[in-house]
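The values are calculated or read from the model by the stated rules, or taken from the named source; none is laboratory data. These numbers come from a predicted model, not from an experiment. Here Cβ is always computed from backbone atoms with ideal geometry, including for glycine, and neighbour counts include all displayed protein chains. These area figures cover heavy atoms from the full protein model, side chains too; ligands, DNA and RNA do not enter into them. Shrake-Rupley method; radii C 1.70, N 1.55, O 1.52, S 1.80 Å.
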Amino acid sequence: MNQLHTLLHQLRLSGLRETLPVRLQEATANRLTHEEFLTLVVQDEINIRHQRQIERRVKAADFRKLKPLDEFDWRFNPSVSKQQIYELAAGHFIRAKGDVLFIGPPGVGKTMLAQAIGYEAIKQGFEVYYASIFDLVRDFLVDDALQQRDRILKQYIKPDLMIIDDMGLRALPKHSGEYLLEVIMRRYETRSTIMTSNRPLEDWGKLLQDVATAGAVLDRFLHHATVVAINGESYRLKDAAISKAKKEK
């Protein structure tokens, strides 16, 4: 067995090596044929490699407090269409190079839903990257951004799905609209983007300090976009109220 483990290590079949003892016992107990046994251990290796790939892509996506869709409280906010969200999670819009805009007041679940859709996309083999609008602008504004412009652009253009969060929390620095426009234009009809906004679209000109650029961003982004409008109470306020009630008991 030690020699076999060494050989599996050399072949980088760590998944098979981990499950081999259990599979050997199973083969003996159920009198599996050689083909049945080999099929099981090879499938184990494939499954473990797939899970590790998902873990690597989740880490690379740089999510913020990721939660899967099955943890979303659909009853709390009936304005959210469960069917529509699960259709988006199926990834058809990514294959069609479409976009998604989540719009609504703070705390209603836009960020959680956007990231959960991103997580489902990763499980389907897509490359995903998450960033707030402030992260994006900051990356282009750093002192050596001109020297690293190609690397920065690649970071925001390469992923199959880009999630740009927190539009509208506060006004952005001058020229922010230019950076956002370049990312949106380069991704237009070639990659998919999800954006979340706390403010109505007519406010984007003020937020970006450039009405014309905001109009150009929205013209490209909304052309093939699904708009998901969410209203209702804040999840964060609900959680705070529950926590306060527990403490008062």
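Highest mean packing first, where packing is the average number of other Cβ atoms within 10 Å per residue, the peptides 91-98, 119-126 line up as 119-126, 91-98. Computed with a 1.4 Å probe on the full set of protein chains, the accessible area for R52 sits at about 80 Å².
In order along segment 114-120, phi translates into HN-Hα couplings of 4, 5, 5, 5, x, 5, 5 Hz, rounded to whole numbers, per the Karplus curve 6.51 cos²θ - 1.76 cosθ + 1.60 with θ = phi - 60° and x for Gly and Pro. Rounded, prolate or oblate: which fits segment 38-179, taking a ≥ b ≥ c as square roots of the Cα gyration tensor eigenvalues, rounded meaning a/c under 1.5, else prolate when a/b beats b/c? Taking the square roots of the gyration eigenvalues as a ≥ b ≥ c, segment 38-179 is oblate.
Rolling a 1.4 Å sphere over the protein heavy atoms, what is the accessible area per residue of the chain, to the nearest Å²?
On the way: 14490 Å² over 249 residues.
Computed with neighbouring chains in place, this is 58 Å² per residue.
Take 77-88, 190-201 and order them by the average number of nearby Cβ atoms within 10 Å per residue, most first; the result is 190-201, 77-88.
In this Cβ point-charge picture (+1 for Lys and Arg, -1 for Asp and Glu), segment 97-223 has a dipole of about 120 debye about its Cα centre.
In the set (i) 1.10; (ii) 1.30; (iii) 0.94, the label that goes with Rg/Rh (Cα atoms, Kirkwood Rh) computed for this structure is (i). Per-residue ellipticity at 222 nm for the chain, helices alone: DSSP H runs ≥ 4 residues times -39500 (n - 2.57), over residue total, nearest 500 deg cm²/dmol? Mean residue ellipticity, 222 nm, calculated: -17500 deg cm²/dmol.
Note down the relative contact order for the chain as a percent, whole number, built from C-alpha pairs under 8 angstrom at least six residues apart. For the chain, the relative contact order is 23 percent. Only the Cβ atoms of Lys and Arg (+1) and of Asp and Glu (-1) were treated as charged; on that basis the dipole of the chain about its Cα centre amounts to roughly 500 debye. Counting Lys and Arg as +1 and Asp and Glu as -1 over every other residue whose Cβ lies under 13 Å from the Cβ of A229, the net charge comes to +2. Rounded to whole numbers, the Karplus 3J(HN,Hα) couplings from phi for segment 213-230 are 5, 4, x, 5, 4, 5, 4, 6, 5, 7, 4, 10, 9, 9, 9, 10, 8, 10 Hz, using 6.51 cos²θ - 1.76 cosθ + 1.60 with θ = phi - 60°, and x at Gly and Pro.
Computed from backbone phi, the HN-Hα couplings of segment 161-167 come to 10, 10, 10, 10, 9, 6, 5 Hz, rounded to whole numbers (Karplus: 6.51 cos²θ - 1.76 cosθ + 1.60, θ = phi - 60°; Gly and Pro given as x).
Distance between the pseudo-spin-label points of V142 and T33 (7 Å out from Cα toward the beta carbon): 5.8 nm. Can you give the angle from 0 to 90° between the axis of helix 34-61 and the longest principal axis of the chain, with both taken from C-alpha atoms, to the nearest 10? In the chain, helix 34-61 runs at an angle near 20 degrees to the longest axis. Going by the alpha-carbon gyration tensor, a ≥ b ≥ c the square roots of its eigenvalues, is segment 118-220 rounded (a/c under 1.5) or, if a/c is not under 1.5, prolate (a/b greater than b/c) versus oblate? Taking the square roots of the gyration eigenvalues as a ≥ b ≥ c, segment 118-220 is oblate.
Charge tally around A29: other residues with Cβ under 15 Å, Lys/Arg +1 each, Asp/Glu -1 each, net 0.
Considering only V142, V211, V100, the mean-square fluctuation computed in a Gaussian network model of the chain, springs between alpha carbons under 10 angstrom, is largest for V142.
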